[in-house]
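As structure tokens, the structure follows; a few thoughts come after it.
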């Protein structure tokens, strides 16, 4: 990294939230900042400084990233969504049935709780734990803990 940019980054690391917000507004010519998260603003500002100095990503790299996202992005992977035709036309916008916080079906995630390792397999319509089917993460969390939990909070999703 260039010494000039490195010194700017060193100053920004010690900056207050309002100073980072002002810097963001200047660099991005924006009226408002997207959030109040210091680390997020710092990363965006540092990237913009480097992009200004050295240039952005090439068109070839952007195309490669788009291709990888289309192929491997588990949240937005269109292969997981059914193709539906209605009145002879393909319907492109369906109500999203699966919660976007959930990994794709077949994923196994692990949680350590009070010395035991909990391995949960995500199914198309539910979850499997110890060869038992659960409709929701909350019911599974209740089974494990004996207390009412929000399943997404308990499993960190």
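FYI, it's all coordinate maths here, none of it is from the lab. What you see is a predicted model; the values in this text were computed from it and never measured. Please note: Cβ atoms are built from the backbone with ideal geometry, for glycine as well, and neighbour counts cover all protein chains shown.
Fewest Cβ neighbours within 10 Å first, please rank 100, 25 accordingly.
The fewest-first ordering by Cβ neighbours comes to 100, 25.
Normalised by the number of residues in segment 116-157, what is the relative contact order in percent for Cα pairs under 8 Å and 6+ residues apart?
22 percent
Please rank 155, 109, fewest neighbouring Cβ atoms within 10 Å first, as an exposure proxy.
Ascending number of Cβ neighbours within 10 Å: 109, 155.
If you take the Cα Rg of segment 108-155 and divide it by 2.2 N^0.38 Å, with N the number of residues, what do you get?
In units of the 2.2 N^0.38 Å rule of thumb, it is 1.02.
For segment 3-54, what is the relative contact order in percent, using Cα pairs closer than 8 Å and at least 6 residues apart in sequence?
37 percent
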